[in-house]
Amino acid sequence: MNASAEPQPVVLVIDDDASLREGLSRLFRSVGLQVKAFASGAAKPPAGMEENYAKSQLEWVHQSFDGRMDYSVVATSTVQDLLGRPALTLREWAPRHREALLAAASK
């Protein structure tokens with residue numbers, strides 16, 4: 001990479017499950033993304049990322065995952081219209097698709 005190139009985004013993978021953490025890391029790397037993986041959100045922030053900013057981002061992710069950030073999105077009826085059922089939260093969807101995600105990430 002030359003010095004004038006734009007910095008590439010880094011995906012932070014934070015999960016205490018080592019196999020899920022490694023699978024997601026491989027999946028992101030397979031599409032050309034840079035990845036930094038941590039077992040805990042208490043880990044030191046990546047080089048160049050201010051600590052308070054890193055903590056606020058992690059809190060946003062936690063609140064989104066827990067469904068506490070519903071006010072930050074515009075809800076539509078698309079899923080209900082197409083599938084005939086309400087949309088799932090990430091907390092509901094991720095465990096149901098864990099094996100498929102790990103299988104895709106290990107390819």
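Bear in mind that the values in this text are calculations on the coordinates, not laboratory data. Treat the numbers as computed from the prediction; the structure is a model and nothing was measured. Glycine gets a Cβ as well: all are built from the backbone with ideal geometry, and neighbour counts include every protein chain shown.
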From the backbone phi of the stretch 83-97, what are the Karplus-calculated ³J(HN,Hα) couplings (6.51 cos²θ - 1.76 cosθ + 1.60, θ = phi - 60°) in whole Hz, Gly and Pro given as x?
9, x, 8, x, 5, 9, 7, 4, 4, 7, 6, 4, x, 5, 10
Under a crude label model (7 Å from the Cα following the beta-carbon direction), how far is Glu50 from Asp66 in nanometres?
2.5 nm
Compute the signed sum of charges (Lys and Arg +1, Asp and Glu -1) over the other residues within less than 10 Å, Cβ to Cβ, of Ile14.
0
Residue by residue, what Karplus-based ³J(HN,Hα) values in Hz, rounded to whole numbers, does the stretch 48-61 have, using 6.51, -1.76 and 1.60 with θ = phi - 60° and x for Gly and Pro?
x, 9, 4, 4, 5, 5, 4, 5, 5, 5, 5, 5, 4, 4
For the pair Arg85 and Gln34, how long in nm is the line joining their label points, each one 7 Å along Cα→Cβ?
4.0 nm
What residues qualify as long-range amide H neighbours of Ala37, i.e. H under 5 Å apart, gap of 5 or more or another chain, H built at 1.01 Å from N?
Val13
